[in-house]
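The values are calculated or read from the model by the stated rules, or taken from the named source; none is laboratory data. Everything numeric in this text was worked out from a predicted model, so none of it was measured. Note: ideal-geometry Cβ built from the backbone for every residue, glycine included; neighbour counts use all protein chains shown. Note: areas computed on protein heavy atoms with side chains; ligands, DNA, RNA excluded. Shrake-Rupley method; radii C 1.70, N 1.55, O 1.52, S 1.80 Å.
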Amino acid sequence: INYYDYLGLYSAGTDASYAGQPGLRPTQIKNPNLSWEETKQFDLGLAVNALDNRIQLTVDYYSKKSENLLLYLAIPSTTGFGYATRNAGKMRNRGVDLQITGIPVLTKDLQWTTTLNLGFVKNKVLQLSSDNRDEAGRNYILSSFGGQRVIQGYALNSFYVLNYKGINPQTGDPEWYTKDGKATTAPTAQDQIIAGNAMPKLTGGFNNTVRYKQFDLGVNFYFSYGNKVMLNEFQTLDNATLTTTNLSKDMLNYWQKPGDNAFAPAATSASWKTMPFYQLSTRQLFDGSFLRLKTLTLGYNLPSNLLNNTHILSGARLYVLGQNLWTVTKKEFRGADPEVSLYGSNGQVAGESYFSLPQPKTITVGVNLLF
């Protein structure tokens, strides 16, 4: 949303409609009733330490309800404007965060610390004041060009798209499912379904730190489970009618004869013009679950007796750091990276990509000096 959305704004200039004479024209409708969003939150936590803090457990439950959500909505055209910011929604987040830390080994020369954290969250849009209604009569707001909608009664970042069935092995034509589950080559907007959302059912991390004399090893994994990812780039990469862009290698697997279980339709299929299979559907929607080795660090601290002779350094550590070295996704996942957001780091449209760059693998060699 913009700044000063509660004010009525005007713009100065000349207008051809008034013989080029200078004047003012309204550019924003005023809304003196616009107010802050309001949030009420309940938290309940439990912390347990045992065996001289060798085992530490924390469990937190939260229920967060936000009201008067600020949304940019369509307004009646009789006002002279198309859209304005309104207090028009309610949303609830409920979840549990769990963390357990243990020190399995603790001796003079060797120490191993391990931590596991898990996060469960359930999101629901409770109320949405919008004039938009879908085929089932539910209030909604379009949130992206990739099929995401905010739908009353469902989770934020829900995907609302056609349900793709596949290439008919006998005809070579693409097929989708109708609302009642029948195969069709000509789906309509009435056949769209809520096909999951971009919010993970479970996220977490697994940390391990091992120290042996002057050496230290750090291993950090983290994961996401149960979220969907829409890869809009495959509307382009799987479009054989385009002549100025590359195609995905999967397009080489196209239907040629009856009985083929092909990825793409026959080159001669009329569907390329009438109902192309690259149109937005669950075909571009993937399970975004993943496990990633985020960081791997190996370090060596120089012995103090060596540093004492320098009369300058009181500490020195050599290390090698690797980031994003290994990622596991579902076999069917076609993207370059499961962690995507259409607008970058602000995450306004989470779980959606259009040629988003993957996180790079990096290896860093360095030294930390303490003078």
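Need one number: the % of Cα-Cα pairs in region 150-215 sitting beyond the 17 Å mark. Write down the numbers at each step before the final one.
Details: 1326 of 2145 pairs.
Here the tail beyond 17 Å accounts for 62 percent of pairs.
Cα centroids of region 198-273 and region 317-342: how far apart, whole angstrom?
Measuring centre to centre over Cα atoms gives 13 Å.
Which whole-number value in Å² is the accessible area per residue of region 1-72, probe 1.4 Å?
Details: 5930 Å² over 72 residues.
Per residue, region 1-72 has an accessible area of 82 Å².
In 10 Å bins starting at 0, how do the alpha-carbon pair distances of region 207-264 split up by percent?
16, 23, 19, 15, 15, 10, 2
Looking at region 28-135, which chymotrypsin sites (Phe, Trp or Tyr not before Pro) are in a loop (DSSP not H, G, I, E or B) and have at most 10 other Cβ atoms within 10 Å? Kindly include the intermediate steps, with their values, before the conclusion.
Numbers: sites: 36, 42, 61, 62, 72, 81, 83, 112, 120; in loops: 36, 81.
Sites meeting the loop and neighbour criteria: 36.
Please work out the FRET efficiency for the pair residue 6 and residue 37, using the Cβ-Cβ distance as r and a Förster radius of 22 Å; give the result to the nearest 0.05. Display every interim value, and only then the final one.
Numbers: r = 14 Å, r/R0 = 0.62.
Once the sixth-power term is evaluated, E becomes 0.95.
Taking the solvent-accessible surface of protein heavy atoms with a 1.4 Å probe, what is the per residue accessible area of region 119-224 in Å²?
Numbers: 5200 Å² over 106 residues.
Heavy-atom accessible area per residue stands at 49 Å².
Helix-only mean residue ellipticity at 222 nm, the chain, DSSP H runs n ≥ 4 weighted -39,500 (n - 2.57), per residue, nearest 500. What is it?
Working: 3 runs with 13 residues, N = 371.
Value at 222 nm, helices only, nearest 500: -500 deg cm²/dmol.
How far apart, in nm, are the 7 Å Cα→Cβ label points at residue 58 and residue 184?
5.2
From a point 7 Å beyond the Cα of residue 334 in the direction of its Cβ, which residues of region 355-371 have a backbone N at a distance under 20 Å?
Taking a point 7 Å out along Cα→Cβ of residue 334, the residues of region 355-371 whose backbone N falls under 20 Å are 355-359.
Per 5 Å bin from zero, what fraction in whole % of the C-alpha pairs of region 95-143 is there, up to the bin with the longest pair?
Spelled out bin by bin, region 95-143 gives 5, 13, 14, 10, 8, 8, 8, 7, 6, 6, 6, 5, 3, 1 percent.
Express in % the proportion of alpha carbon pairs of region 25-175 at distances exceeding 18 Å. Show your work: numbers first, answer last.
Details: 8271 of 11325 pairs.
Beyond 18 Å sits 73 percent of the P(r) for region 25-175.
Based on the Cβ-Cβ distance of residue 127 and residue 247, what FRET efficiency does E = 1/(1 + (r/R0)^6) give at R0 = 41 Å, to the nearest 0.05? Numbers along the way, then the final one.
Values: r = 44 Å, r/R0 = 1.08.
Between residue 127 and residue 247 the formula returns 0.40.
Can you give me the % of accessible surface on the chain that is carbon or sulfur? Probe 1.4 Å, all protein chains present, nothing else counted.
Values: 12420 of 22300 Å².
Within the chain, the accessible surface is 56 percent carbon and sulfur.
Which whole-number value in Å² is the accessible area per residue of region 228-371, probe 1.4 Å? Display every interim value, and only then the final one.
Working: 8420 Å² over 144 residues.
Accessible area per residue, region 228-371: 58 Å².
What Kirkwood hydrodynamic radius do you get for the chain when you take the inverse of the mean 1/r over all pairs of distinct Cα atoms, in Å? Walk me through the numbers on the way to the answer.
On the way: mean 1/r = 0.0390 Å⁻¹.
25.6 Å is the Kirkwood radius here.
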